[in-house]
1. Going by the structure shown, is Glu157 open to solvent by 50 Å² or more (accessible area, probe 1.4 Å), touching a residue at least 24 places away in the same chain (Cβ under 8 Å) and over 24 Å from the mean Cα position of the chain (by Cα)?
2. Taking the stretch 190-243, which residues are within 24 Å of Ala276 (Cα to Cα), open to solvent by 40 Å² or more (accessible area, probe 1.4 Å) and not in a helix (DSSP H, G or I)?
3. What residue, among those in the stretch 328-351 that are outside any helix (DSSP H, G or I), open to solvent by 70 Å² or more (accessible area, probe 1.4 Å) and at pLDDT below 95, is nearest to Cys176 (Cα to Cα)?
4. Look at Ile303 and say whether it is more than 19 Å from Ser208 (Cβ to Cβ) and touching a residue at least 60 places away in the same chain (Cβ under 8 Å).
5. Return the residues of the stretch 123-141 that are within 17 Å of the chain's Cα centre (by Cα) and part of a helix (DSSP H, G or I); say none if nothing qualifies.
6. Could you check the stretch 301-312 and list, in sequence order, the residues that are within 17 Å of Ile108 (Cα to Cα) and buried (at least 17 other Cβ atoms within 10 Å of the Cβ)?
7. Does the stretch 163-175 contain at least one residue that is over 21 Å from Arg221 (Cα atoms), modelled with pLDDT of 95 or more and among the aromatic types (Phe, Trp, Tyr)?
8. Would you confirm, using the coordinates I've provided, whether Met315 is modelled with pLDDT under 95, within 16 Å of Phe110 (Cα to Cα) and surrounded by 15 or more Cβ atoms within 10 Å (Cβ to Cβ)?
Amino acid sequence: MLQKAALARKHVFVWLSVVYHRAAGRANHFQPNNAAWYRGLVTIAFSRRASVYHRIGTRYDRVPMPGNVTSSHRNFFGAGKSLLKTRERLPMKLAGKVAVITGGSKGIGFGCAKIFGKYGARVIIAARGEEDGKRAEQELVAAGTEAAFVSCDVTRETDMKAVIGSAIDRWGQLDCIVNNAGWHPPTISIDEISVADFESLLRLNLTSTFMGCKFAIEHLRKTRGNIINMSSEVALIGQSSAASYATTKAGQLGLTRALAIDLASEGVRVNAVCPAGVMTPLMREWASTEFDPDTALQSVDHIHAMGRMATIEEMGEVCAFLASDEASFMTGQTICPDGGAALGYGKKWNP
């Protein structure tokens, strides 16, 4: 037993020596007389508090260093801090959870799917487009996420029931639904909006959210899960030539607050997210209808105090927080990750 322990220590000593010589960059930096250096590294290696890799990367400054170790060598070990940090296991705050994300094949929905998967969730991405859905599924699976695409028209009751059922059939539970599917029509005045068009958008943006909540609640009660409704900042501040869209998004906030009251006693949380500009395929589609698409996108960037639009991954991080136990005391809330878009309106419109 003692021989095995001695052999193990010898192997560690040799390995750490190699690390040091590689850091030094020259063979003549091998100086066995620098016993304090090697003893320090070996002590770190056998620390009960962390692995060899972590100790070398983060505690090198506490080890007596040979006189011939230059700043470049210190930088080598210091660089290990950032390198090793990227290799540390992410906190799996959604591990074991199952989420349904409508409109999950692209845009904000896909950003949510990627981030949820990063934190360990299993994800159903529901969308109409078969090609986009399969591509999204493949990308998620390649990244290590348990994910499945389910074809779904969110305006159809049977499809909405089926997508919830698919999560239960596949994984036996449902912990979160992100009601994200929706559409922003081109700018249009109320004089030009037909009643049929208004009702159609209402069904797509608001009725689908109602159905997602209604059909998910039965299962969310069992897991004490949560609902995230993807609204828009225009629900709070309005938007010109977008009466129908702003109405549907404001309706989502009313639904969120009402359900938060009804479901709180059963442990189900309900929150809404109200982004401002997000760089999505829908945003690019809108820009393509303008005279100069690049200038149009830049104008949206400048609306934000931070000078740019959000990424879909940033929206995903917000939703992952709301879906996790980190937000366990949050319900009925409207979260606005808007990059300061609602700030400084007087300044924005001054010539």
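1. It is true that Glu157 is open to solvent by 50 Å² or more (accessible area, probe 1.4 Å), touching a residue at least 24 places away in the same chain (Cβ under 8 Å) and over 24 Å from the mean Cα position of the chain (by Cα).
2. Once the filter is applied, which keeps residues that are within 24 Å of Ala276 (Cα to Cα), open to solvent by 40 Å² or more (accessible area, probe 1.4 Å) and not in a helix (DSSP H, G or I), the stretch 190-243 yields Ile190, Gln239, Ser240, Ser241.
3. So the residue we want is Leu343.
4. Criteria not met by Ile303.
5. Ala136, Glu137, Glu139, Leu140, Val141
6. Answer for the stretch 301-312, where residues must be within 17 Å of Ile108 (Cα to Cα) and buried (at least 17 other Cβ atoms within 10 Å of the Cβ): Met309, Ala310, Ile312.
7. Among the residues of the stretch 163-175, not one is over 21 Å from Arg221 (Cα atoms), modelled with pLDDT of 95 or more and among the aromatic types (Phe, Trp, Tyr), which makes the answer no.
8. Criteria not met by Met315.
The values are calculated or read from the model by the stated rules, or taken from the named source; none is laboratory data. Worth saying up front: this structure is predicted, and the values here are computed from it rather than measured. Using ideal geometry, Cβ is built from the backbone for each residue, glycine included, and neighbour counts are taken over all protein chains shown. Only protein heavy atoms, including side chains, enter the accessible area calculation; ligands, DNA and RNA are left aside. Shrake-Rupley method; radii C 1.70, N 1.55, O 1.52, S 1.80 Å.
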